[in-house]
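The values are calculated or read from the model by the stated rules, or taken from the named source; none is laboratory data. Not measured: the values here are computed from a predicted model. Using ideal geometry, Cβ is built from the backbone for each residue, glycine included, and neighbour counts are taken over all protein chains shown.
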Amino acid sequence: MLRYAVLSMGEPSGISPEVMLKALHALSDEAGAGIIAVGDENVIRKASADLDIELPFSAYVDSMVSLERAEELGNNFIFYSATSINISSFSYGIVSAETGKAVFESLKTSIDIIQNGLGHTLVTYPVSSKALEMAGYKERSVNDMLRRFASSDRLHLMIKSGEMNIFGLTHRNSLRNAVVAVTRENIISAIIDIDALFVSSYFDRTKPIAVSSLNPMLPGEGWAGPDEESVIKPAIEIVRNLGINAIGPIAPEFLFEKAVRGEYSTILVMIANEAFAAAAASSPGESYLLTWGLPFIRIGTIAGLGLEMAGKGIADPSRYIAAVRAGLLVRDTDALA
């Protein structure tokens, strides 16, 4: 039986519906792709009509029973209608409580599909924290909702870019707060958690975990700043005594250059912004997010909501296509094993 990747629609008033349609058309020649798109049927049909993009779905369902039947029939692209937005009051580029609720319900349904054994990997698109707030939810991001729906507290967000697997010590923090979070305890915990992921065939255990310095440059042989000497170096020494193959601290200007060449299994950077910048520079349009710590793999798209481009037919789907292809690859290789 065909294994399915599940695509959860992002903010409906942004470019998510458009790039979803464009991505599926790009994959339409791949027999047995096996994709379930979850979202609002009214919105996807409106986007199709307004942007003149043919709907690629061979089945439309609205329950687990009808989904199972569609899978048994071998449908390649299935649309699961999880919500019903009032199109008469819907506008491109304008988030609302209704779009926030649609995002919430689409992601919840996507995870239910996987937990019911009808899907295997999850691919997501960015959501609007404002819309979620307007809808009355305390969650403000995809990761917040994943924690709630999948009952997983320890999630680890990784950026995949070419040969680089990049973890950040902090995420969604201001630069000031991120620097404060650079503590010996946090670094030790992060490295231990990364090493625990090495049970997956996704990582090359023969290569070390490389840890960045906080200072962007370390001029002079053996020179390091106070953060490196009192925080980062001692943390690395402790985990090495635990048998973990970690090295560093390495200045980012050298770390990313070597990581691009595939010299490390993963890298841990102190400031996540550095990771996104390096990913964008090394593999533009091909980078994506991967969340570990769930009972399934989640692939996230590195993109914006695109509210200003919504409904105009000009959105570039390349990053979403890369994320979907990664979801299909991970699904087929059992990367959790």
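Observations, loosely collected:
- Within region 65-75, considering residues that are touching a residue at least 60 places away in the same chain (Cβ under 8 Å) and not in a loop (DSSP other than H, G, I, E, B), the one surrounded by the most Cβ atoms within 10 Å (Cβ to Cβ): 71
- Unique match (being in the same structural domain as residue 314 (by TED's automatic domain parsing) and under 27 Å from residue 137 (Cβ atoms)) among 53, 15: 15
- Residues that are part of a loop (DSSP other than H, G, I, E, B) and under 18 Å from residue 160 (Cα atoms), drawn from region 233-266: 261, 262, 263, 264, 265
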